[in-house]
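A.B. asks: Got a structure here, written out as structure tokens. Questions coming.
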Amino acid sequence: MPKYVDHDGRRRDIIEATQQVLAELGPRGLTIRAVAQRMGGSSTVVTHYFGTREALIDGVVDTFSDWPEQIRELEANETDPRARLRLFLRWLVPYDDEALMEERGRINLLAERERHAPIENLFNSADA
């Protein structure tokens, strides 16, 4: 009987490991091998779902792609400029380890902005 594998869960695990590697080692340290080591598995598990480093970056960008919309939603529900600023700062400032790791990952993605179009698009959408 074949073993059941939760493919969506596996992809999420790989993206989470990728975010951790990106947050800790930056773009230069982001390799398929580093992600596999973070997961405690082999590189083939990673490459089965994300064949290249660029595919890993695309997966991370996809997880961040909703944050410009989150900012717009915050601003839409508040008209007082000071209250809007307070809401934005609460959203922006990491409040736990996971949020801190995600923010480090976003900051480290900036180094790849000009070399990887999806990252450029992500940051441009935040500027709009």
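A.B. asks: Give the Cα extents of the range 1-72 along the principal axes, in whole Å, largest first.
C.D. replies: Per principal axis, max minus min of the Cα coordinates gives 49, 29, 17 Å.
A.B. asks: Quick one: dipole size for the chain, taken about the Cα centre, charges +1 on Lys/Arg Cβ and -1 on Asp/Glu Cβ, in debye to the nearest 20. Present the calculation step by step, with values, prior to reporting the outcome.
C.D. replies: Values: 17 positive and 23 negative charges, 89 e Å.
I would put it at about 420 debye.
A.B. asks: Under 15 Å from the Cβ of Leu74, count the other residues' Cβ atoms, weight Lys and Arg +1, Asp and Glu -1, and hand me the total.
C.D. replies: Values: positive: Arg72, Arg82, Arg84, Arg86, Arg90; negative: Asp66, Glu69, Glu73, Glu75, Glu78, Asp80.
That sum, taken over residues with Cβ under 15 Å, equals -1.
A.B. asks: Once you list every other residue whose beta carbon is under 14 Å from the beta carbon of Trp91, what net charge do they have if Lys and Arg are +1 and Asp and Glu are -1?
C.D. replies: Net local charge, Trp91 excluded: -3.
A.B. asks: Any chance you could give the angle, 0 to 90 degrees and rounded to 10, that helix 67-76 forms with the longest Cα principal axis of the chain?
C.D. replies: Rounded to the nearest ten degrees, it is 20.
A.B. asks: May I have the convex hull volume per residue, in Å³, for the Cα set of the chain? List each step's numbers first, then the result.
C.D. replies: Working: hull volume 15.9 nm³, N = 128.
So the per-residue Cα hull volume is 124 Å³.
A.B. asks: Continuing with this model, one more query. Taking all pairs of distinct Cα atoms, average 1/r, flip it, and tell me the Kirkwood hydrodynamic radius of the range 54-128 in Å to one decimal place.
C.D. replies: Mean inverse Cα-Cα distance, inverted, gives 13.3 Å.
A.B. asks: FRET efficiency for His48 and Glu73, Cβ-Cβ distance as r, R0 = 30 Å, nearest 0.05?
C.D. replies: That pair, His48 with Glu73, gives E of 0.25.
A.B. asks: For the chain, set up a GNM with springs between Cα atoms under 10 Å and report which of Thr44, Thr31, Thr79 has the largest fluctuation.
C.D. replies: The residue that fluctuates most here is Thr79.
A.B. asks: If you don't mind, there's one more thing I want to ask. Any idea of the accessible area per residue across the range 1-50, 1.4 Å probe, to the nearest Å²?
C.D. replies: On a per-residue basis, 66 Å².
A.B. asks: Could you rank the peptides 55-62, 22-29 by their average count of other C-beta atoms within 10 Å per residue, with the highest value first?
C.D. replies: 55-62, 22-29
A.B. asks: In whole percent, how big is the carbon plus sulfur part of the accessible area of the chain, probe 1.4 Å, protein atoms only?
C.D. replies: 50 percent
A.B. asks: Further question on the same structure: In sequence order, what are the phi-derived ³J(HN,Hα) couplings for the range 23-29 according to the Karplus relation 6.51 cos²θ - 1.76 cosθ + 1.60 with θ = phi - 60°, rounded to whole Hz, with x for glycine and proline?
C.D. replies: 5, 8, 10, x, x, 5, x
The values are calculated or read from the model by the stated rules, or taken from the named source; none is laboratory data. Because the structure is a prediction, the values reported are computed rather than measured. Ideal geometry is used to build each Cβ from the backbone, glycine not excepted, and the neighbour counts take in all protein chains shown. Heads up: the accessible areas ignore ligands, DNA and RNA and are worked out on the full protein's heavy atoms, side chains in. Shrake-Rupley method; radii C 1.70, N 1.55, O 1.52, S 1.80 Å.
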